[in-house]
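Here is the structure we will look at.
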Amino acid sequence: MNIHPVFVHFPVALLTVYAVFEMLRFRKLLQNQTWFYIKAIFVILGTGAALFAIITGNMAKHFQEVAQTVDFRGVVGLHQSYAKLTSVIFGILAAGYAIRWLEMVDFQRFLKYNWLKKLWSLGKIIAKVLTDTNFAWILAVLGLVALTVTGALGGYMVYGDRSDPMIHLVAKYILRR
């Protein structure tokens, strides 16, 4: 039984909302502590859901029935590659938000070894750059583009290239069909 279609929509929804939230760079929002937690929850849950979608997608490879109207050579692999790219991009952001969240609860007090404390200090610096600068905005936009291409390739495999304008563009410019 192919359960992949049941789970793919969670990361799409969560990560799209996160990316839109990240693109809203108004000073009043950025200074609001609740806004940080809202974005953190969306990107962390969305990344977790994306990893689960990748796992179920790998399981689905064994059950897929190839439609006779669509040529799938290379499409499955490209879909997988974009799904992994999407997970890496949003995973970097999720890690940054998770570290910042842990920093707020003074996670360092649980670290016993000096090398772990030094590593934690480096992680905090990287996380601050990831979450507090325009770098987060850039990664969110790149992640949203990768997510869109991933979804369009999935839609191409299920519905063909004429069912949606985005699927048609991806088929034309990425698959060259």
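The values are calculated or read from the model by the stated rules, or taken from the named source; none is laboratory data. As the structure is a prediction and not an experimental result, all values here were calculated from the model. Note that each Cβ is placed from the backbone with ideal geometry, even for glycine, and that neighbours are counted across all protein chains shown. Note: accessible area is taken over every heavy atom of the protein model, side chains too, but ligands, DNA and RNA are not part of it. Shrake-Rupley method; radii C 1.70, N 1.55, O 1.52, S 1.80 Å.
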Where in the range 79-96 is the amide nitrogen less than 17 Å from a point lying 7 Å along the Cα-to-Cβ axis of Lys128? 96
Can you work out the accessible area per residue across the chain, with the rest of the protein chains kept in place, probe 1.4 Å, in square angstrom? 61 Å²
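Of the heavy-atom accessible surface of the chain (probe 1.4 angstrom), what whole percent is carbon and sulfur?
68 percent
In the structure displayed, which of Lys84/Lys112; Lys84/Lys124; Lys39/Lys84; Lys28/Lys112; Lys84/Lys117 lie more than 28 Å apart, Cα to Cα? Write out the running numbers ahead of the final one.
Working: Lys84/Lys112 34 Å; Lys84/Lys124 25 Å; Lys39/Lys84 21 Å; Lys28/Lys112 38 Å; Lys84/Lys117 31 Å.
Lys84/Lys112; Lys28/Lys112; Lys84/Lys117, as the Cα separations exceed 28 Å there.
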For the range 88-149, inverting the pair-averaged 1/r of distinct alpha-carbon atoms gives a Kirkwood value in Å of 12.5 Å
Taking Cα centroids, how far is the range 125-157 from the range 9-32 in Å? 11 Å
Just to confirm the number: angle between the C-alpha axis of helix 134-159 and the first principal axis of the chain, 0 to 90 degrees, nearest 10? 20 degrees
If I take every Cα pair under 8 Å that is 6 or more residues apart in the chain, average their sequence separation and divide by the length, what percent do I get for the relative contact order? 28 percent
Which value, in Å² rounded to 10, gives the accessible area of Lys124 with a 1.4 Å probe and all protein chains present? 50 Å²
Once both axes come from the Cα atoms, what is the angle between helix 114-132 and the longest principal axis of the chain, in degrees from 0 to 90, rounded to 10? 60 degrees
